[in-house]
Amino acid sequence: MSVRIAPSILSADFARLGEEVGAVVTAGADWIHVDVMDGHFVPNITLGPAITAAVQGESAVPVDVHLMIAHPERFVDAFVEAGADYLTVHQEACPHLHRTLQQVRDAGARPGVAINPATPVSTLRDVVGEVDLLLVMSVNPGFGGQAFIPASVRKVREARELLAAAGSEALIEVDGGVDASNAAALVAAGADVLVAGSAVFRHPGGPRQGVRDLREALR
Ligand code: DX5
Ligand code: ZN
């Protein structure tokens, strides 16, 4: 399958969320990325299961939930019930990461694991068999609109090597500062899913054009 584009609703107009989701899906977005922040794991608070369920009801594309929260194991069931297809937890937030990933799968979603810019890819070696998604953060999580960290391209390459060595078919996702200027390099390094918030929803030509520009950059 071709590269998936996953607009992050964090940068959408929340007062018109349904329309915004509809617009990007019409323009060819493959997934919708939902950024959940708790004010503890990251210094910002965003949204929870109710908004996730609303987004899920607006389109048929997979809902990709990124939990930037402490104790994510407490909320796995709530987000699966809200319609999360992929449910990603942070390695740094999970002392019992292996168990939490199994909990996600048992609850009925596809488990993902995310690493912050400071966390080496090698820390995931012993959980690769448990995940369907490996998320390389290319900014420090907490806010949309931050500058892409260039070393993330190397980490995507390392993630690709790790998955190949393990015989895993998990997808590699990149999140943070992704735009038309770095998309092709990320895909060349091995990325399967590109998350983009501001490059889509703050695009001067509107969100539809944001999706189209990303797709164009990959041709
Ligand atoms: C960052 C979030 C990202 C962010 C992406 O903490 O996980 O999904 O919203 O937004 P941009 O693309 O603007 O960096
Ligand atoms: Zn995210």
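Condition check for Leu101 on (1) among the hydrophobic types (A, V, I, L, M, F, W, C); (2) closer than 18 Å to Ala196 by Cβ; (3) part of a helix (DSSP H, G or I): one failure, at (2). Number of residues in the stretch 18-29 that are under 25 Å from Gly142 (Cβ atoms) and either surrounded by fewer than 21 Cβ atoms within 10 Å (Cβ to Cβ) or in contact (Cβ under 8 Å) with a residue 60 or more places away in the chain (or both): the value is 3. Among the candidates Ala93, Ala114, the residue that is within 16 Å of ligand 2 (Cβ to nearest atom), within 16 Å of Leu133 (Cα to Cα) and crowded, with 16+ Cβ neighbours inside 10 Å is uniquely Ala114.
Taking the stretch 141-156 as the range and being free of Cβ contacts under 8 Å to residues at least 60 places away in the same chain and either crowded, with 17+ Cβ neighbours inside 10 Å or within 20 Å of Ala199 (Cβ to Cβ) (or both) as the test, the residues that pass are Gln146, Ala147, Phe148, Ile149, Pro150, Ala151, Ser152, Val153, Lys155, Val156.
Annotation: of all residues in the stretch 59-90 being touching a Gly at 6+ places or on another chain (Cβ under 6 Å) and within 16 Å of ligand 1 (Cβ to nearest atom), the one that is farthest from Val131 (Cα to Cα) is Val63. Scanning the stretch 104-130 for residues that are among the aliphatic types (A, V, I, L, M), over 19 Å from Gly176 (Cβ atoms) and assigned to a loop (DSSP other than H, G, I, E, B) yields one hit, Ala109.
Within the stretch 1-9, can one find any residue that is assigned to a helix (DSSP H, G or I) and either over 28 Å from Val156 (Cβ atoms) or touching a helix residue (DSSP H, G or I) at 6+ places or on another chain (Cβ under 9 Å) (or both)? Yes, some residue in the stretch 1-9 is assigned to a helix (DSSP H, G or I) and either over 28 Å from Val156 (Cβ atoms) or touching a helix residue (DSSP H, G or I) at 6+ places or on another chain (Cβ under 9 Å) (or both). Every condition in (1) buried (at least 21 other Cβ atoms within 10 Å of the Cβ); (2) acidic (Asp, Glu); (3) over 22 Å from Pro62 (Cβ atoms) is met by Glu216 except one, and the failing one is (1).
Filtering the stretch 128-140 to residues that are touching a helix residue (DSSP H, G or I) at 6+ places or on another chain (Cβ under 9 Å) and surrounded by fewer than 19 Cβ atoms within 10 Å (Cβ to Cβ) leaves Val128, Gly129. In this structure, Ala54 qualifies as assigned to a helix (DSSP H, G or I) and more than 16 Å from the chain's Cα centre (by Cα).
Residues in the stretch 173-210 that are of a type in the set (Val, Ile, Thr) and touching a strand residue (DSSP E or B) at 6+ places or on another chain (Cβ under 6 Å): Val174, Val178, Val193, Val195, Val200. Scanning the stretch 138-181 for residues that are part of a loop (DSSP other than H, G, I, E, B), over 23 Å from Asp85 (Cβ atoms) and within 16 Å of ligand 2 (Cβ to nearest atom) gives Val139, Asn140, Gly142, Phe143, Gly145, Gln146, Ala147, Phe148, Ile149, Gly177, Asp179.
Quick note: the coordinates plus some simple rules give every number you see, no bench work behind them. Computed from a prediction, not measured in an experiment: that's the story for all the values here. Don't worry about glycine lacking a Cβ; one is built from the backbone with ideal geometry, like all the others, and counts go over all protein chains shown.
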